[in-house]
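Beneath this line is the structure, given in structure tokens, with notes to follow.
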Amino acid sequence: MKQTAHILLILWLTVTAAWAQDVSFNAKVDRKKLGINERVRIDFVMNQDGDNFNPPPFEGFTVNGPSQSVSKQWVNGKSSYSKTYTYYLTPTKRGKFSIKQAEITVNGEVYKTTPVAIEVTAAVDKPGDGSDVAYQASDKVHLVAEVSKGSPFLNESFTVIYKLYVAERTSVSNWREIDSPKYKDFWSQSVDEKEFKIYDGEFNGEPYRYVILRRTVLYPLKSGKLNLEPLSLSVAVDVPTNKRDIFGGRLTQSINITVSAKNRTINVKPLPTDGQPDDFTGAVGDFEFSVRTNKQELDATESFEISVEAKGNGNLKLFDLPTPKFPSKLEVYEPENEDKLRTNLSGTSGLKRNKYTVVPQYKGKYPIPPISFSYFNPKTKRYERRTSNEIVVEVQNGPVDASASINTNTGIATGNKQQVIAADKQFEYIKSDGNLVSTKKEHFFRSINFWSLLGGPLLLIPIALLVRRRRESASNDVQGNRIRKADKLARKFLSEAKKNLGDQKEFYIAMERALHNYLKAKLNIQTSDMSKDRISRLLKEKGVEDQTAIEFIGLLESCEFARYTPASNVAMQQDYDKAVRIIATLDKQL
């Protein structure tokens, strides 16, 4: 009996000690700095079982989890307890983030974790982790940046092509861009892919399929070793699981992984200083140069045009054309730019033109001296020069400048003073005929204006009553007003998308922007906070029906997916009509 009492006493003391120990609730991460193509694991660990676990919002990350584990140990008469909630977080953009407090309730008391600071950098070449199925799947999907020239000259074009490689027997259902290269030391322009074709190729000696996602033409703006930041994508990959269907086939699940192209270093060569012309303005390429005029004979006060043109292939958007030297007696207006340029994989080509409008005031011959244009040709690796011919414009009829005389041999104005010759019709501006109007005074009483002012207000009374009645009828139609207002609002936000019907990429970009702008206006959130989980949560808090919220999120996903897959004009019209309906429905429910 005494032995039983001792055992009960020991158990009571043990339980009392267990309950008496302090409650600890902590957040632990496996790293505090990671690349955008890596993942961070966070564990919320407590030493006593609690209720109502509430995780933080995880802003800036997509979330996998939670998984839950419990550990109980009894060592040397002492018990220990541990319960853990585990999440895997994938960053959606670069920056510094704070994982806010999680909450748990133990014995009626609320305990909170300490916020954890996380820094997300550009993609790293060798992402860590690999402990779960997502990173095992990443071995089957690779993003590669192929560069046409590894050592171009300053301001010489080269191309970077981004290819997504997928291993055989691996299925990719969708992808979206999560981090774009900034190209801060380059002038850049993307060449759009009209459609995505699948090609057969090899990656590390193994057969792969690949698709070209983007081609970008770059012009380096400074010399030296320049870094090309990687492009990062979120890719939906179907991976096998341990479950099987009724026929024994292995089931798959779709997971999102982040893939990134590796950093590339471009060694940009400076332009040679030997033989560089004094008038060189930075043009690099292969060009033709000319100066043209549309008239060489005209009368005073008539206008003519001088066009300075450079055409060819090179950095046509990055240099200025030389300026002609006009005689001081010509009135010259600011030039008009009439560039006709296109960018493809070989660089920028076309015509760069400045057109000057010139108006001579006096009779005479006006010479426009030759103009020189110099550029560096990467093919010949030397500077080349093009020079235009002299242009002489002859003004045949008009007054003679009082401060200049005309050389009887050349007809070109000189600096000697000469009497101004007046034109035959110099007093033509004085009118000889006048249209006179009678100033006889008319009486206002019983005039047309008198009767109009007297009877006009009486006629307005029934019109005002009719307008007032219609306004009252419209204001009483509450449901109809709400529907019309919501429909008008939807079409206002989607007006840009409607303009681009028929252009798939621009249409879906405009529609996605319209949906985001609508949320910013209604929910007062920024674009950076617009994760799908957060949008769903806010719409639910605002009382939006679940079906409407699901349709809105589905429309956002359709916009992302349709930008990379072909869509017909009929499909675009259907998506537009669906967007109008959903925004109108949301506005009524909000």
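The values are calculated or read from the model by the stated rules, or taken from the named source; none is laboratory data. What you see is a predicted model, and the numbers here were worked out from it, not measured in a lab. Heads up, the Cβs are rebuilt from the backbone with ideal geometry, glycines too, and the neighbour counts pull from every protein chain shown.
Before we move on, is Lys311 of a type in the set (Lys, Arg) and part of a strand (DSSP E or B)? Spelling it out, Lys311 is indeed of a type in the set (Lys, Arg) and part of a strand (DSSP E or B).
Report whether or not Val239 is surrounded by 12 or more Cβ atoms within 10 Å (Cβ to Cβ) and at pLDDT below 85. Considered against the rule, which asks whether it is surrounded by 12 or more Cβ atoms within 10 Å (Cβ to Cβ) and at pLDDT below 85, Val239 comes out as yes.
Scanning segment 178-188 for residues that are surrounded by 15 or more Cβ atoms within 10 Å (Cβ to Cβ) and farther than 17 Å from Pro152 by Cα yields Ile178, Asp179, Pro181. Among the conditions (1) closer than 30 Å to Val259 by Cα; (2) at pLDDT below 90, the only one that Trp74 does not satisfy is (1). Contact map, segment 355-381: residues that are assigned by TED's automatic domain parsing to the domain that holds Asp339 and under 15 Å from Val395 (Cβ atoms) paired with residues that are of a type in the set (Ser, Thr, Tyr) and crowded, with 18+ Cβ neighbours inside 10 Å, Cβ distance under 7 Å, separation 6+ or inter-chain. Pairs shown: Pro360/Tyr366.
Here's the yes/no breakdown for (1) under 45 Å from the mean Cα position of the chain (by Cα); (2) among the hydroxyl-bearing types (Ser, Thr, Tyr); (3) more than 27 Å from Gly312 (Cα to Cα); (4) surrounded by 14 or more Cβ atoms within 10 Å (Cβ to Cβ):
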position	(1), (2), (3), (4)
Glu336	yes, no, no, no
Gly364	no, no, yes, yes
Phe373	yes, no, no, yes
Pro378	yes, no, no, yes
Tyr383	yes, yes, no, yes
Pro399	no, no, yes, yes
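Here the condition is being within 21 Å of Ala283 (Cα to Cα) and either assigned by TED's automatic domain parsing to the domain that holds Ser260 or surrounded by 12 or more Cβ atoms within 10 Å (Cβ to Cβ) (or both); of Thr159, Thr170, it holds for Thr159 alone. The conditions of being in contact (Cβ under 8 Å) with a residue 24 or more places away in the chain, in contact with a Lys or Arg (Cβ under 9 Å, 6 or more places away or on another chain) and of a type outside the set (Phe, Trp, Tyr) are met by Ile178.
Of all positions in segment 194-216, at least one carries a residue that is within 26 Å of Asp286 (Cβ to Cβ), in a strand (DSSP E or B) and in contact with a strand residue (DSSP E or B) (Cβ under 8 Å, 6 or more places away or on another chain). Would you pick out the residues in segment 167-189 that are closer than 20 Å to Ala123 by Cβ, modelled with pLDDT under 85 and among the small types (Gly, Ala, Ser)? Across segment 167-189, the qualifying residue is only Ser180.
In this structure, is Tyr508 at pLDDT 75 or above and either on the phi > 0 side of the Ramachandran plot or out of contact with any Phe, Trp or Tyr (no Cβ under 8 Å at 6 or more places or on another chain) (or both)? So Tyr508 passes the test. Criterion first (assigned to a strand (DSSP E or B), in contact with a His (Cβ under 7 Å, 6 or more places away or on another chain) and closer than 20 Å to Asn263 by Cβ) does Tyr165 satisfy it? Answer is yes for this residue. Applying the set (1) in contact (Cβ under 8 Å) with a residue 60 or more places away in the chain; (2) buried (at least 16 other Cβ atoms within 10 Å of the Cβ) to Thr216 leaves exactly one unmet item: (1). For Ser131, the criteria (1) outside any loop (DSSP other than H, G, I, E, B); (2) surrounded by fewer than 16 Cβ atoms within 10 Å (Cβ to Cβ); (3) hydroxyl-bearing (Ser, Thr, Tyr); (4) modelled with pLDDT under 90 hold in every case but one, which is (1).
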